[in-house]
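Below: the structure, in structure tokens.
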Amino acid sequence: MTLNKSSTPVAYGTEAILKNAFAAAVAVADPQVIVPQYLAKIFPKGQEPRGRCLVVGAGKASASMASALEIYAKANWPQAKLKGVVLTRYGHNSPTTFIKIVEAGHPVPDQAGMDGAKEVLALTKQLEQGDVLIALVSGGGSSLLTLPQEGISIDDMRKTTEALLRSGAPIEEMNVVRKHLSAILGGNLARVAIARGARVEALLISDVTGDSPADIASGPCAADYSTYLDALNILQKYDLEAPAIPASVLHHLKQGLTGEMPETLKDSDLVDSQVSNHVIATAYKSLEAAAEYVRHQGYESIILGDTITGEAQEVGAEQAALVREYRAKKTDKPLALISGGECTVTIPAGIKGRGGRCSEYLLSLFAASQEFPKLAALAADTDGIDGSEKNAGAWFDINIREASLKSSLVPEKFLSDHDCYGFFAELGALVETGPTLTNVNDFRIILLEK
């Protein structure tokens, strides 16, 4: 089945409930809806931007955010002179007139991303006293805004990112390292604007646990809590050293440790500045929207939280155990267990793997819940892309479980091969949305009948 952000899935029964719940989670984070709402709050009538208003940004939702901003500005900011450049992942474009959209590589940065990041920094350096800088930031911005500090090449950054991805380091730790290698991340973009006396308003769509502006796309306009020592400790934690980590990267981090390089932006740097960060969409709001939908379908909704992390296979097994606990309780209604957060998938050397953390979690849940044939579940990334393939995630119900038995598919074999995409593709149980043009982390729902 194919699910589009703007359409109701063509499905019936449990499958439709699963997919409609996911659609509800995505819809509440639609930039075309939420960006205008927040612009009206940030710039109320009579306080609209006048004169130069520069727009920059990066992330999987940033192009859609830019499109929404242009539409709003045209109707409400007659005296504003818009100009901008925004980076997004390939295939996540959205139409704009005054704001240039650059498509680039993600999660591994490429030359297009570096060139686009140079444009972002160059435009920010054009700011003058009284100008307004609007930053449109969403998940994916860390790798898209890859502009290394002097002495570090784009290839060095790419190798570092690839090594961190293979290590299984969570995104929060990856970003601590990337902040300290970047000319833009870790508040460095805001630092440029502050030096020029400009006002900064950053609109953030959160895909990270905790929704801290410092963590969303590595906080280009936010004060950073981490240090060079933290970055080096993370590399040591995962036994990442030369040659996996290029010598230029290690040299730069060690220079920062000795004070030869400036730290990322800190709270003390924001005193008397005009910098504000606004988190306009979060994973928890999306979970609440899905919970509200399934309540109307007769389910008791239980939100397990939006900060569930860990190895995808382990989380799947843990939630299967949670199902047993809830199943043992007497309830008047069927239950819906809803959760978010970002798992990790650690792939051993020599195994290619197909899929991503959502399908890996789901197959683990599938394998660990065989005694509940009526159990149904879906897991998908709200940006529409789960890992290495083009699906958002996958789903299953009693019909999919029966089909797997008839096809003699052994979930444990697919799990050991990290080929969860292959398992669900064989059964026609992929969730395929295409780019949703937003990103509020992963979405998971389990339906338990009475």
Task: Among 320-330, 133-143, the order from most to least packed when residues are scored by Cβ within 10 Å on average - done: 133-143, 320-330
Task: For segment 61-209, the spread of Cα positions along each principal axis, largest first, Å - done: 50, 33, 29
Open item on the list: What's the whole-number percent of alpha carbon pairs in segment 181-280 lying beyond 18 angstrom?
Closed with: 52
TODO: Summarise the accessible area of the chain (1.4 Å probe, protein heavy atoms) by the percent that is carbon and sulfur.
DONE: 52
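In Å, the Kirkwood hydrodynamic radius of the chain over pairs of distinct alpha carbons?
Working: mean 1/r = 0.0445 Å⁻¹.
The answer is 22.5 Å.
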Task: Residue (of M174, S138, A163) at the positive-pole extreme of segment 131-185, dipole from beta-carbon charges - done: A163
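Taking a probe of 1.4 Å, how large is the accessible area per residue of the chain, in Å²? Spell out each step's value before the answer.
Values: 17820 Å² over 450 residues.
In whole numbers, the chain has 40 Å² accessible per residue.
Where does each of 74-81, 16-23, 62-69, 153-160 land if you order them by average Cβ count within 10 Å, highest first? List each step's numbers first, then the result.
Details: 74-81: 13.0, 16-23: 23.4, 62-69: 29.0, 153-160: 19.0.
Packing order, densest peptide first, comes out as 62-69, 16-23, 153-160, 74-81.
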TODO: Could you work out the equivalent-ellipsoid semi-axes for segment 262-324, taking the square root of 5 times each eigenvalue of the Cα gyration tensor, largest first, in whole Å?
DONE: 37, 20, 7
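Place a +1 charge on the Cβ of each Lys and Arg in the chain and a -1 charge on the Cβ of each Asp and Glu, then give the dipole magnitude about the Cα centre in debye, rounded to the nearest 20. Working shown, then result.
Details: 42 positive and 54 negative charges, 216 e Å.
That gives the chain a dipole magnitude of about 1040 debye.
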Task: Which listed pairs, of K83/K125; K45/K74; K285/K330; K19/K285, have C-alpha distances above 25 Å, in listed order - done: K285/K330
Task: Whole-number D in µm²/s for segment 18-142 (Stokes-Einstein; Kirkwood sum over Cα pairs; 10 °C, 1.306 mPa s) - done: 105
TODO: Arrange the peptides 124-132, 177-185 so that the one whose residues have, on average, the most other Cβ atoms within 10 Å appears first.
DONE: 177-185, 124-132
Open item on the list: Could you compute Rg(Cα) / (2.2 N^0.38 Å) for segment 284-438, with N its residue count?
Closed with: 1.01
TODO: Lys and Arg at +1, Asp and Glu at -1: add these up for the other residues within a Cβ distance under 13 Å of E318 and post the number.
DONE: -1
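Once you keep just the Cα pairs under 8 angstrom separated by 6 or more residues, what percentage relative contact order results for the chain? Walk me through the intermediate numbers first.
Details: 1040 pairs, mean separation 78.4, N = 450.
That works out to 17 percent.
What does the net charge come to around A80 if you take all other residues with beta carbon closer than 12 Å to its beta carbon, with K and R at +1 and D and E at -1? Intermediate results must be reported in sequence, preceding the final value.
Numbers: positive: R50, R52, K74, K81, K83; negative: E48, E70, D131.
With Lys, Arg at +1 and Asp, Glu at -1, the neighbours total +2.
The values are calculated or read from the model by the stated rules, or taken from the named source; none is laboratory data. Predicted, not measured: the structure shown is a model, and the values here were computed from it. Please note: Cβ atoms are built from the backbone with ideal geometry, for glycine as well, and neighbour counts cover all protein chains shown. Heavy atoms of the whole protein, side chains included, go into the accessibility calculation; ligands, DNA and RNA do not. Shrake-Rupley method; radii C 1.70, N 1.55, O 1.52, S 1.80 Å.
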